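Q: Below you will find the structure I want to go over with you.
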Amino acid sequence: MKATRAKVILGTLLSAAVTVGVAPAAFARSVGAWAGNPIGLTTATRGTCFSESAGAVTGNFGVSACGNYVWEVNLPVDASGTYTVYITGSSVSPNPAYVQCTAYAVALDGTHTNANPVNMTSSVLTNTPLGSVTVPSGGNLFVACFNLQYGKIGTVNWNQ
């Protein structure tokens, strides 16, 4: 009898494992901001002008050669359509300017559509919606952030 009960329990556990293994995929995606790149800087300069901590990016603009570069993150998409983008970011206080981010899509012909730019007004990392952007067929989705010398960006999240 014990062998039979053990077989039933083992069969139940295996059945549950198979059921969990074929669960539907989540639609939301996420990437650390450090996966992006500065626009207009070489890879060698990246480490001089920006620093990384746990995947978050902060600008090191005490270095005179760095200026105010834009940090851009490419967000992979599987199909055309409307995507909602969120970014975890913060601004230090007091400051002369806020970290500002915007989501945008670029079509194959180079035209683009933007969501409204959003200021990171919290001094702690806060998940902030950047709005929705429509990605055309064959297009790409991006997030660009400015004024990183006044704060940081952590995680970029998006879904369709």
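Q: What tally of residues in region 108-125 results from selecting those that are β-branched (Val, Ile, Thr) and closer than 18 Å to GLY81 by Cβ? Quick ask: steps written out before the conclusion?
A: To start, the set of residues in region 108-125 that are β-branched (Val, Ile, Thr) comprises 111, 113, 118, 121, 124.
Within this subset, residues satisfying the condition of being closer than 18 Å to GLY81 by Cβ are 111, 113.
Matching residues across region 108-125 total 2.
Q: Whether any residue in region 114-124 is out of contact with any strand residue (DSSP E or B) (no Cβ under 8 Å at 6 or more places or on another chain), modelled with pLDDT under 85, of a type outside the set (Gly, Ala, Ser) and not in a strand (DSSP E or B) is what I want to check. I'd like the intermediate steps shown before the answer.
A: Keep residues of region 114-124 that are out of contact with any strand residue (DSSP E or B) (no Cβ under 8 Å at 6 or more places or on another chain), which gives none.
No.
Q: Another question, then. For the structure I just gave you, tell me whether ASN68 is at pLDDT below 85, assigned to a strand (DSSP E or B) and of a type outside the set (A, V, I, L, M, F, W, C).
A: Working: at pLDDT below 85: yes; assigned to a strand (DSSP E or B): no; of a type outside the set (A, V, I, L, M, F, W, C): yes.
Against the criterion (at pLDDT below 85, assigned to a strand (DSSP E or B) and of a type outside the set (A, V, I, L, M, F, W, C)), ASN68 does not qualify.
Q: Would you please name the residue that is farthest from THR128 (Cα to Cα), looking only at residues in region 18-60 that are under 17 Å from the mean Cα position of the chain (by Cα) and at pLDDT below 70?
A: Top of the filtered list is ALA26.
Q: Among the residues of region 148-159, is any surrounded by fewer than 16 Cβ atoms within 10 Å (Cβ to Cβ), outside any loop (DSSP other than H, G, I, E, B) and of a type outside the set (Lys, Arg)? If you could, list the steps in order and put the result at the bottom.
A: Going through region 148-159, the residues surrounded by fewer than 16 Cβ atoms within 10 Å (Cβ to Cβ) turn out to be 159.
Next, only the ones that are outside any loop (DSSP other than H, G, I, E, B) stay: 159.
Narrowing the set further to residues that are of a type outside the set (Lys, Arg) leaves 159.
Yes; the residues of region 148-159 include at least one that is surrounded by fewer than 16 Cβ atoms within 10 Å (Cβ to Cβ), outside any loop (DSSP other than H, G, I, E, B) and of a type outside the set (Lys, Arg).
Q: The conditions are (1) free of Cβ contacts under 8 Å to residues at least 60 places away in the same chain; (2) loosely packed, with under 14 Cβ neighbours inside 10 Å, and ALA107 fails exactly one of them. Which is it?
A: (2)
The values are calculated or read from the model by the stated rules, or taken from the named source; none is laboratory data. This structure is a prediction, so every number in the text was calculated from the model and none was measured. Here the Cβ is made from the backbone with ideal geometry for all residues, glycine too, and neighbour counts use every protein chain on show.
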